[in-house]
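To start, the structure itself, in structure tokens.
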Amino acid sequence: MMNAFYSKWLGGKRGAIELAVLAAFIFIVMPLWLDIFRLNMVGKYLTYAFAAVGLVMVWGYGGILSLGQGIFFGIGGYCMAMFLKLEASDLASTARQTTPGIPDFMDWNQVTSLPLIWEPFHSLTFTLIAILVLPSVVAYVIGVAMFKRRVGGVYFSIITQAIAAILTILVVGQQGMTGGINGITDLKTLHGWNINTNSAKYILYYLNGALLIGAIVLCKFVLSSKLGRLLLAMRDKEDRVRFSGYDVANFKIFTFSLGAVISAIGGAMFTLQVGFMSPSIIGIVPSIEMVIFAAIGGRMSLVGAVYGTLLVNYGKTAFSESFPSLWLFLMGALFIGVVMVFPNGLAGLYDTYLKGRLEKVMAKLRERGPLRKLSPVKAGVQK
Amino acid sequence: MDGYSLTDLWSILVMQGFSGLSLFSVLLLMALGLAIIFGQMGVINMAHGEFMTIGAYTIYLCSKITEQYFPALMPYYFVIAIFAAFAIAFAIGYLVEFSLIRHLYKRPLDTLLATWGLSLIMQQIFRSTFGAREVSATLPDWLMGSWKPTPDIDIPLNGLFVMGISIIVTIAVVLFLYRTSWGLKVRATTQNRVMAGAVGINTKKVDRITFAVGCGIAGIAGASFTTIASTGPTSGSLYIVDTFLVVVFGGASSVVGTVLSAFSIAQAQSILTFFMTEAMGKVVTLMAIIVILMLRPEGLFTSKVRR
């Protein structure tokens, strides 16, 4: 049982070490090193890492480039934001509005009663279920429509991008329903628990990290199962898998939906940690940036996606604070560089340059291991 | 629709239909270039919008230079500037193909990412050179004003002009593809690259010129864009999603399909915009296209090419 867990869920010795390093980095190094403001920011980046991890599954292993990962991130984020907003707009705090008890932006837009879609989001259970179910349903519908008809490759990318565009226009256009371009802001409590205090931010950060690692472990399990091997086979020679009697479309739909759900969890955590949700996080540009996170990390590396996300976002924050015009050049160069020069991203660089050396060092340490017990004596003799 | 009399509705239809035609003209020019690049070569050029912006800025520069140094030539500069827009976009497209695209022909998804990066860099270059604010070219007088066939209907001249350009370019593209030996080589390369190479066609050269011509046409799209709107660093990128949908909807390698799909998308968008908000008009149009594409993924017109 333990062995199966070790090899299947963690991915053997190397996988376990990778995960342990990542966990130590997220849970110990970051909180000790950074103050709560910066840590909250890292937490925000880590929510994008969910989308990047989803993309590693969908794009790296499934071979389907989704340019609409922001759609699902947004669905998760908006579901959570709707619940929090309803809780923040109770009768007492909205008493000054024309219609008390509805979110403030609705009041500003002359909406006089809560829209029907918002009603069920009074319930936390419903919200949590919606965060998981809604994106998988949307991804399933898109997936069935596209993959069953063998639409793939660039067509799929273009259509998912168009869907992301539509969703953004829709959210921006329906101000009374969605908060428009400003999004849903002023979120205060989760089931009576204030999410804006420092302690809450710490707890949310750790929860976020744990969920992220959970998502990676889940993906590793999927990849180590038969499905994972089929995915790889499909990516390399789809027809051959089809002729062997497998329904290729179903596997693609499953992977796409899995990636969608993982992104949606990230979106929900984004809302909780950052305290708002807006269409600027779900449109075309953020969606394609999520692809670059995964690409920089290494499109085949689940753990790499997390580092890639952190690195790109750190660069973005650092550069856009001091040299805003330089950042777009750098971002553009990253896109070009990652396909032209190092297509396997950070993970690829690690494999080619660092891994061999690390293994040598490890081997040396192992050789020296038994000697070290003798060394005090030797040292004494030499002195 | 109550509250409008029949004549009102007719005028609305004509005028909205006409403003749809201006949109159609720009979309068509953009899509033609993209259809050549995507349909013929299978390359996803996400920086296509930026080539349009190059064309638009070229017109702006030409207008400024003419105004400054040769004010007497003001009425005529626009015609020459269109050729300049084509030439500059062509040259930059040629360079881009040489330095970037040709390494990525076998990896279409990677081309998509690389050209997206290229578009970011180009946008920033525009911003650093021309500033973040939108600029507009000084148009010759004969492009201003409007034509009024009846008192209720008001058709701007620049719209007519833009339409003229796109009709001419479309005809030129069709002639180029189907009546010249170069077009024959392009089509041969599309259908079977290896075989085309075997009969002595320099497929690499064909690719380079094809890509550059596609970019050049985007430059002309930019030229017509300046007559109906002002140019900013991100003007082109606003059109890229629509343009891709036009190309995919029309059936990637069919010129007729591209024309028809650009027409229907632009008209639907512009007429719906009048009755709903602008955003909703666009959402409904794009949604309809996606639903149709899900039912008929190969687009309206397909060319019979074996894969």
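Some points to look at:
- Residue list for the range B:103-145, filter: assigned to a helix (DSSP H, G or I), surrounded by fewer than 13 Cβ atoms within 10 Å (Cβ to Cβ) and within 14 Å of another protein chain (Cβ to nearest Cβ): B:T129
- Residue list for the range B:244-259, restricted to those being at the interface with chain A (Cβ under 10 Å from one of its Cβ atoms) and either among the acidic types (D, E) or in contact (Cβ under 8 Å) with a residue 60 or more places away in the chain (or both): B:F244, B:V247, B:A252
- Failed item in (1) within 14 Å of chain A (Cβ to nearest Cβ); (2) assigned to a helix (DSSP H, G or I); (3) among the basic types (K, R), with B:K64 passing the rest: (1)
- Count of residues meeting criterion [over 22 Å from B:R107 (Cβ atoms), polar (S, T, N, Q) and at pLDDT below 85] in the range B:1-46: 6
- Residue in the range A:160-175 that is in contact (Cβ under 8 Å) with a residue 40 or more places away in the chain, closer than 16 Å to A:L84 by Cα and within 22 Å of the chain's Cα centre (by Cα) present: no
- Residue match in the range A:88-96 (condition: within 14 Å of chain B (Cβ to nearest Cβ) and in a loop (DSSP other than H, G, I, E, B)): no
- The range B:262-292 - residue that is over 17 Å from B:S11 (Cα atoms), in contact with a Gly (Cβ under 8 Å, 6 or more places away or on another chain) and of a type in the set (A, V, I, L, M) and, of those, nearest to the other protein chains (Cβ to nearest Cβ): B:A279
- Scope the range A:253-299; condition part of a loop (DSSP other than H, G, I, E, B), surrounded by fewer than 24 Cβ atoms within 10 Å (Cβ to Cβ) and within 14 Å of chain B (Cβ to nearest Cβ); matching residues: A:G283
- Here B:S235 fulfils each of the conditions (1) without any contact (Cβ under 8 Å) to a residue 24 or more places away in the chain; (2) crowded, with 18+ Cβ neighbours inside 10 Å apart from (1).
- Any hit, the range B:137-145, residues being closer than 30 Å to A:F323 by Cβ and of a type in the set (S, T, Y): no
- For the range A:173-187, the condition holds for at least one residue, the condition being that it is acidic (D, E) and surrounded by fewer than 17 Cβ atoms within 10 Å (Cβ to Cβ).
- Residue check, B:I220 modelled with pLDDT of 85 or more and under 12 Å from B:V26 (Cβ atoms): yes
- Per this entry, A:G356 is not counted among residues that are part of a helix (DSSP H, G or I), surrounded by 17 or more Cβ atoms within 10 Å (Cβ to Cβ), at negative phi and of a type in the set (G, A, S).
- Meets criteria (more than 12 Å from chain A (Cβ to nearest Cβ) and surrounded by 24 or more Cβ atoms within 10 Å (Cβ to Cβ)) for B:S19: no
- B:P233 meets each of the listed conditions (1) within 14 Å of chain A (Cβ to nearest Cβ); (2) in a helix (DSSP H, G or I); (3) under 18 Å from the mean Cα position of the chain (by Cα); (4) not basic (K, R) apart from (2).
- Restricting A:N250, A:N196, A:N208 to residues that are outside any helix (DSSP H, G or I) and not small (G, A, S) narrows the list to A:N196.
- Filtering the range A:305-338 to residues that are free of Cβ contacts under 8 Å to residues at least 24 places away in the same chain and within 19 Å of the chain's Cα centre (by Cα) leaves A:V312, A:G315, A:K316.
- Positions within the range A:135-171 being more than 7 Å from chain B (Cβ to nearest Cβ), part of a helix (DSSP H, G or I) and surrounded by fewer than 18 Cβ atoms within 10 Å (Cβ to Cβ), in sequence order: A:V137, A:Y140, A:V141, A:V144
- Within the set A:L46, A:L55, the sole residue that is under 12 Å from the mean Cα position of the chain (by Cα), within 14 Å of another protein chain (Cβ to nearest Cβ) and not in a loop (DSSP other than H, G, I, E, B) turns out to be A:L55.
- When each of A:I184, A:I216 is tested for being farther than 23 Å from A:K85 by Cβ and more than 14 Å from chain B (Cβ to nearest Cβ), the lone residue that passes is A:I216.
- Residue within the range A:239-250 that is within 24 Å of B:T234 (Cα to Cα) and either more than 14 Å from chain B (Cβ to nearest Cβ) or surrounded by fewer than 19 Cβ atoms within 10 Å (Cβ to Cβ) (or both) present: no
- Enumeration of residues in the range A:58-79 that are in contact with an Asp or Glu (Cβ under 9 Å, 6 or more places away or on another chain) and either away from every other protein chain (no Cβ under 14 Å) or part of a helix (DSSP H, G or I) (or both): A:G70
- Considering B:F90, B:F161, B:F86, the condition of being of a type outside the set (A, V, I, L, M), in a helix (DSSP H, G or I), touching a residue at least 24 places away in the same chain (Cβ under 8 Å) and farther than 30 Å from B:D207 by Cβ is satisfied by B:F161 alone.
- Any hit, the range A:69-79, residues being out of contact with any His (no Cβ under 8 Å at 6 or more places or on another chain), within 25 Å of A:R229 (Cβ to Cβ) and modelled with pLDDT of 90 or more: yes
The values are calculated or read from the model by the stated rules, or taken from the named source; none is laboratory data. Quick caveat: nothing in here was measured; it's all calculated off a predicted structure. Reconstructed Cβ throughout: ideal geometry from the backbone, glycine too, with neighbour counts over all protein chains shown.
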